[in-house]
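J.: Here's a structure for you.
Throughout, read-outs are computed from the coordinates displayed, never taken from laboratory work. Note that this is a predicted model, so its numbers are computed, not measured. Neighbour counts run over all protein chains shown; Cβ positions are idealised from the backbone, glycine included.
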Amino acid sequence: MLNLKKIKINVMKKSLFFLLSAGVLGSLQAQNSAPAAPKCITVSPMQAAQTRLKSRQDAQQSAVKPSNKQSRTKHSPVPVLPLMGSSINAYGVLDATTTAISANQACDLIEMTRRDNVSALPTCGSGAYIANYSTDNGAIWDSAITLFCNINATMGTRYPNGVIFNPKNGSAGQNTNPMNAYDAVAGPYTDASSPAISWVATVHGSVTFSNTNPIGTYWYNTQVGVSAENTGDLSFMSSSDDSTVHVIGEGFKENAAQSAFVVWNGAVLTTGKFSATADSFVWSQTTFRPHIVPSYKGFTYGSVAKFDSDAAPLTVPGTAWSQDGKTGYVVIFANADSAGYNYGTDQPIVYKTTNSGATWAMMPLFNFRNIPALTAHLEATTDSVSTKIPLWYDFDGGINTNQSALDNYDLTVDYQGNLHIFSTILSSYYCNPDSAYTVHYFGNQDGYIYDVFTTAGGWGARFIDSMQTQPCNNVGRGSVNTDWDSTSSTTFVGFGNRLQASRSTDGMHIFCTWEDDVTASLANQLIFPDVFGQGYDVKTSKAGPIHQFTTTTNNYFLCVSDIALTQTVVVGLHTDTIYTVPCAIAYPHSAPSASDDGTFQVDYYYLGNVQYNDTLYSAASVAKVNADEFTIGPNYPNPFNNTTQFNIGLSNENLVSVDVFNLFGQKVYSMPSQQMSSGNHLMTINASGWSAGVYFYKVTVGEQSKTQKMVVQ
C-alpha cells in the first residue's frame, strides 16, 4: 500500500480529518465530469519510508524514552527561568500565528500579551487581556496592564495579539520612556452562545505601559460596515513606525439564522492608525478576495459549484510589514483559479502595497517548482520522474487536531522591502490530481524548512533545515505520556513546530525559530520539544549555523517576538553585536492530574538565551545528552559540500567515537575511537564524493550517545 496521507478539509470549523491514508493539500478546478485517476506506479511500501524509519531507530536508540501513558511519572521539573506571568489555561496563546511577544529597540521594552488568569483578576471573568513587560532584558517581569476586563464569567475576549506601539517624541525622534509606549491588542470576543455563532465580535484597543488610558473597541458581526470574522483566527499583528498597527483574520458570510459561517468572503486586514489627539487608535478594515479554485472536494457545498463563491484557503491568511510601514504584504495560501497556474499545490497568493496600504496589487502568480533551491531536497512525483512539486505544509492532518497544530508558518519583511515566508515544504506524490480533485504528499517525509522570499525579478528560496518530527504533529497520539497528555480525554494540547520569524529593527538580519524533537521515541510526535534557530544576514546573503538553544525533557510550547533586540558589546579590543530574539515557553503551573489536557493554569517563562553575535553564531547553543558527560554542537557549515566541523565538549576524560549514517541506516564514515581529555574538541568530517542528502552523525562518549543531523549538498 502506498505511504500517503489524505486530509479532509472542513472550512467552517477549520478542522482536518483523516479520510484514507493519503494527504490533500489542495485541488484543481472542478469539471462537469471527474477526470480519470492518474496512472500510478504500483510499488511496495515506499523505500524512503523504510529508510526514514531505520535512520530514526539508529538515531534514537540511546535516547531517553518517555514513560508509558498508563503509568504517569512525576511532573517534569519547572524551568529555572524568569517567570513572566500565567494564564487560565494553555489555549490563550496557543496559535503559532498569534503575536504574543514583541519588543521595541528605542525604549528597551519586551512585552507579552496574554489572556488573564482568573485567580489573579477575579473581577474580570475569563477574558481580560494582560500585558507582562520587562525593561531589563527579561530579568524581571511586571504585569500591571489590563485591557478588556469582562465581568461575565462565561463571556469575554480570547486569544490576544499584542504589539508595542512606541509614539514619536516630537523632534527628538522615538520615545525612549517605556511607560509612555502603548500595548496595542486585538483578538476575538465570545458570548458563549450555542448552537449559534459564539464568536460574535472582534476587539481592538490599546493601553499605555503605565496602565493609563485603556481604550477598547468592540466590532460586532452584525454591525454595519464590519466584516463578520471567524475571530478565533486573528493573527500576525505588527507595529510600524508610521503610527500604525496591523492584524489579519478571515471574513465569512453568516446564514440567515446567524448560527453558522457559510461562505468565505476573504482575508480581512484590520489597520489601526494612532491619533495623538484622541490618544488611541482609529481602526479600519480592508478585504482581499482572490479568485481561487472553487469546490474543493473536501468541502461540503452541495451539488452545485459556484465560481469563486464558496472557495476558501486551507490556512489562515498572513500579513507582514516593513518597519517604516510603507511596504506591506497579505498572503493567502490557495490554488489560484487562473488558466495555466493550477500547479497542484496551495501556493502563496500575495498582495503588495508600497504606499502604506493606500493601494494594493496582487503579485504575478508564480510556479514555485521552477526554483531549483526549493526543489533540491524534494522527491520526484511517482507519475513523472522528472517533476518535483513543492507543497506548503502549514497544517496538521491528525485526528486530534487542535489550534496549536494549525497554520504553522510565519512572515517578515527585510530592509529591502522583500517578503520572507518561513514554512515547511513537502513533496507532491503525484504530478496530476486524482479523480477526487485532490493532491497528495509523501507521507514518509517530515518536511524541510525553507525561507521563500521575493526578489526584484520574482521569487527565491533558501534551505534552512530538515525536520526530525513531522510539522505540527500533536502529543498524545500513542502511548506516550507528557505533561499535557490526558489519560482520560480525547483532547490533547498540540505543540506544533511553531515556525516563527523575527527581524532586527533595521531589517538587515532576520531569524527563524522553531521547535523540533530529536529524542522522540515515536516517529512524528513532538514529545520533548527543544528550541532551534538560525540567523540570516540579508545584506551579505549569509546564514549562520543551526543552533539548539535548549536540551530538556520539559514539555512546553513556544512564543517568539517578531522583533529582535540589538546590543553592542565590547570584549577586549573587539566590538561585537548581539541579537536577542525574546522567547517565552509555556508550562503547566502544577503537576497535571490524570484529566489534564491543558485546561489548567499555565505559566510563562522567559527564554533569554536565543542570542546571536554579529557572525550569527551563538555561545548559548547547546546539544546535550547528559550535562555531566558531554555536549556536541551543530555542525557548520550545514548544508555543506566537502567538509564540515562540530564541537565536542567533555566534562571528563573519556573514550569518544564518531559514526555517520545515511538514510538507509548504512554506516558511511567512522572516526576511530580515541581517548580524549576534558574540554572542547573540534571535529572535522570530510564528505567529499558523498551523494547529496540527509545524514546523521552519531557521537558516542563512554556509554552515552547523541545523534545530530547534517545535509550534504
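J.: For Met84, enumerate residues with amide H under 5 Å from its amide H, sequence gap 5+ or separate chain, H modeled in the peptide plane.
T.: Here Tyr604, Tyr605, Tyr606 satisfy the definition.
J.: Still on this structure, please answer the following. Pull out the extension gain between Asn355 and Thr615, defined as 0.36 nm times the separation in residues minus the alpha carbon to alpha carbon distance; nm, one decimal. Could you put the intermediate results ahead of the total?
T.: On the way: separation 260, 0.36 × 260 = 93.60 nm, distance 3.38 nm.
Stretched fully, the Asn355-Thr615 segment lengthens by 90.2 nm.
J.: So how much slack lies between Ser673 and Thr566, counting 0.36 nm per residue of separation and subtracting their Cα-Cα distance, in nm? Walk me through the intermediate numbers first.
T.: Values: separation 107, 0.36 × 107 = 38.52 nm, distance 4.28 nm.
In short, 34.2 nm is gained.
J.: Which cross-chain or sequence-distant (5 or more) residues have an amide H under 5 Å from the amide H of Thr615, H modelled 1.01 Å from N in plane?
T.: Distant-sequence amide H within range of Thr615: zero hits.
J.: Residue-wise, which Karplus ³J(HN,Hα) couplings in Hz belong to region 651-658, taking 6.51 cos²θ - 1.76 cosθ + 1.60, θ = phi - 60°, and x for glycine or proline?
T.: Each residue of region 651-658 in turn: 7, 9, 4, 6, 8, 10, 9, 10 Hz.
J.: How much length, in nm to one decimal, is gained on full extension between Asn642 and His574, taken as 0.36 nm per residue of separation minus their Cα-Cα distance?
T.: Values: separation 68, 0.36 × 68 = 24.48 nm, distance 3.12 nm.
Here the answer is 21.4 nm.
J.: How large is ³J(HN,Hα) for each residue in region 408-423, as worked out from phi by the Karplus curve 6.51 cos²θ - 1.76 cosθ + 1.60 (θ = phi - 60°), to whole Hz, x for Gly and Pro?
T.: 9, 8, 8, 9, 7, 10, 8, 5, 8, x, 8, 7, 10, 10, 8, 7
J.: Right, here's the next one. Using modelled backbone amide H atoms (1.01 Å from N, in-plane), which distant-in-sequence or interchain residues come within less than 5 Å of Ala128's amide H?
T.: Asp116, Asn150
J.: Provide the FRET efficiency to the nearest 0.05 for the Ser259-Asn152 pair, computing r from the beta carbons and using R0 = 22 Å. All intermediate terms of the calculation are to be shown ahead of the outcome.
T.: Numbers: r = 21 Å, r/R0 = 0.96.
Calculated value: 0.55.
J.: In the structure displayed, which of Lys253/Lys388; Lys352/Lys709; Lys273/Lys542; Lys388/Lys706; Lys253/Lys326; Lys253/Lys352 lie more than 27 Å apart, Cα to Cα? It would help to have the intermediate numbers written out before the result.
T.: Working: Lys253/Lys388 37 Å; Lys352/Lys709 37 Å; Lys273/Lys542 36 Å; Lys388/Lys706 33 Å; Lys253/Lys326 31 Å; Lys253/Lys352 25 Å.
Among Lys253/Lys388; Lys352/Lys709; Lys273/Lys542; Lys388/Lys706; Lys253/Lys326; Lys253/Lys352, the Cα-Cα distance tops 27 Å for Lys253/Lys388; Lys352/Lys709; Lys273/Lys542; Lys388/Lys706; Lys253/Lys326.
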